[in-house]
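Rule-based calculations on the coordinates, nothing more; no lab input. Because the structure is predicted, anything quoted here is derived from the model rather than measured. Cβ placement follows ideal geometry from the backbone for every residue including glycine, while neighbour counts extend to all protein chains displayed.
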Amino acid sequence: MNLFELLYILEQNEIHMARLLILLRSFGGKWGKKSINGLTKLVKLDFLLRYPNYLEKSLEVINVSPKKMKIKAYEKKGVESKMVRFRYGPWDPRYRHFINLLVAKGLTNIDIKGRTIYINLTDKGIEQADKLIEIDAFKDITLRTEILKEYFDRSGTYLKDFIYQNFPEITTLSLWEAIEP
């Protein structure tokens, strides 16, 4: 791997971590300390965030106008990073890596109770997320995390079932096959 390939990989990790920080901030409540309960919930919310066309369709399913999403034409055909079909729905095999990096940087905490991972922001994470939210390039992501919080703050199991029920094309993919926008 050359230097440019390494820098590209690092840059990709940073954009994913920034998006996850904004998502955690939106779900963190007024003080930012509430957690997202479960990796499945985080992943399914992030799926809808990364694929705005699926979020748009999800809003239509629950009879909410997707107009406030302000989705752009180019977003319907592209995604900054592919997710794959996993046994429990859309998945990016790097989630555990992203979360570990966020913990190592002191931006998130995790607490494991039974089989559930509770993920929340630290004070430093809240501060960084609030800075990201102010950047114009993250305005659409921020808006969409607020939409997710308002309409899809449900359990990971509910979100998994919702995605499989309303997007059966995902279930026809082979395991580890890339999900297209």
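Among the listed pairs Lys72/Lys131; Lys30/Lys67; Lys57/Lys124; Lys30/Lys72, give every one whose C-alpha distance is greater than 31 Å.
Lys57/Lys124
For the stretch 111-159, just say rounded, prolate or oblate: build the C-alpha gyration tensor, square-root its eigenvalues into a ≥ b ≥ c, call rounded for a/c under 1.5, and beyond that prolate if a/b exceeds b/c, oblate if not.
Numbers: a/c = 3.83, a/b = 1.36, b/c = 2.82.
Note, shape of the stretch 111-159 comes out oblate.
Mind ranking 107-120, 29-42 by how tightly packed they are, going by the mean number of other C-beta atoms within 10 angstrom, highest first?
So the order, starting with the most tightly packed, is 29-42, 107-120.
Which distance in nm do the two modelled labels at Glu134 and Lys34 give, with both placed 7 Å along the Cα-to-Cβ direction?
According to this spin-label approximation, the distance is 2.5 nm.
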